[in-house]
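Accompanying notes for the structure given below.
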Amino acid sequence: METMKLKDRVALVTGGGSGLGRAIALLFAEEGAHVVVNELRLETAQQTVAALKGPGGGRAIQADVADSAQVKAMFATIERELGALDILVNNAGIAFGPGDDRGEIGRKAEAVIMELVSGQGVRSHMDITQNLSDESWRRMLAVHLDGTFFCTREALRLMSRKNRGAIVNLSSVAALTGLESVPHYSAAKGGILAFTRAVARDVASRGIRVNAICPGYIDTPMTEPISPLIKKAVLARTPLGRTGDAREVAATALFLASDDSSFFTGQWLSPNGGIFIG
Ligand code: NAP
């Protein structure tokens, strides 16, 4: 039997109750890790933990990653109950902020697509940025950037005791190309990429590796509300001609979290079907 890639490792996956986080938690458990599943809502974290199949088991912890005190409390629990952390996956995320009118943004995006297809040039205006609220901008940066920083800071304190660890940050193709419908999301994901590079240099001497994943369009509850027309436009720009499966991102996370990627740090990998080739 092939050896499990994460045997005896303790992994924390934030936002692990849904989509990519859930798929990552399930795969890490299959590979032998003890998986701590974090979520905003305890029940969804518990549902993932109940589905874990592997020798290491897991546990659910509720915390809003955007709240420094809640993150500190989560890591205090991990330290008390498990004594160590080997892997952190900063996955928790949101596609829209509070008050964002997804319906309206979708309609504007569809209008642009229709104009592009007509060949007459784009005449309508998206104007997303000039209508974005402070509240939406701040929550977007809080969940993604503050959350990634708060969890990374606490994780590094635990990992530094053993001078070993792997951190995997979920960025996005939105960081690479910019996504006009969600400028705040694109900014947050770009910040995560720059943070990944800086922290990778910061902690390399400790044997801690920090890398990022920039997924393209993956079928999860986050992308489920995207309209058929927009999805068609995405597929038209995707050489592999399909959206991704959460397990394909989980496989990338497993590579970056395991010793298979021992010479990778400060890098990004983009499972995206070719929608961005750079
Ligand atoms: P998802 O299905 O919506 O899952 C995100 C999870 O994060 C949800 O369970 C959500 O909880 C949780 N969460 C949100 N805010 C949180 C917070 N403050 N603290 C703790 N947990 C929180 O989305 P997904 O598609 O799996 O996305 C996972 C990550 O991949 C995100 O960072 C996303 O930006 C990134 N990504 C996704 C895609 C894609 O195509 N799906 C592409 C590129 C990047 P609630 O459900 O309770 O809100």
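Assorted remarks:
- Once backbone amide H atoms are built at 1.01 Å from N, ILE61 has VAL37, ASN38, GLU39 as its partners under 5 Å, excluding neighbours fewer than 5 places away on the same chain.
- Separation of the ASP8 and ARG102 label points, Cα + 7 Å toward Cβ, nm: 4.4 nm
- Ranked by the mean number of other Cβ atoms within 10 Å per residue, highest first, peptides 102-113, 33-44 order as 33-44, 102-113.
- Amide H contacts of LEU179: SER186, each under 5 Å away and 5 or more positions distant or on a separate chain (H built 1.01 Å from N in the peptide plane; Pro and chain starts excluded).
- Computed E for GLN120/LEU229 - FRET, C-beta separation, R0 22 angstrom, nearest 0.05: 0.80
- Rounded FRET efficiency, nearest 0.05, which uses the C-beta distance separating GLU135 from LEU82 and R0 of 30 Å: 0.25
- Most mobile listed residue (ASP67, ASP86, ASP260) in the chain, GNM with C-alpha springs under 10 Å: ASP260
- DSSP bridge analysis restricted to the chain gives an antiparallel fraction near 0%, rounded to the nearest 5.
- Nearest-20 debye value, the chain charge dipole, Cβ charges on Lys, Arg, Asp, Glu: 580 debye
- Spin-label zone in the stretch 120-163 - amide nitrogen under 18 Å from a point set 7 Å from the Cα of SER68 along the C-beta vector: 138-158
- Computed E for ASP245/ARG197 - FRET, C-beta separation, R0 30 angstrom, nearest 0.05: 0.60
A short reminder: the numbers here are calculations on the coordinates, not readings from a lab. What you see is a predicted model, and the numbers here were worked out from it, not measured in a lab. Positions of Cβ are generated from backbone atoms using ideal geometry, with glycine treated the same way; all protein chains shown enter the neighbour counts.
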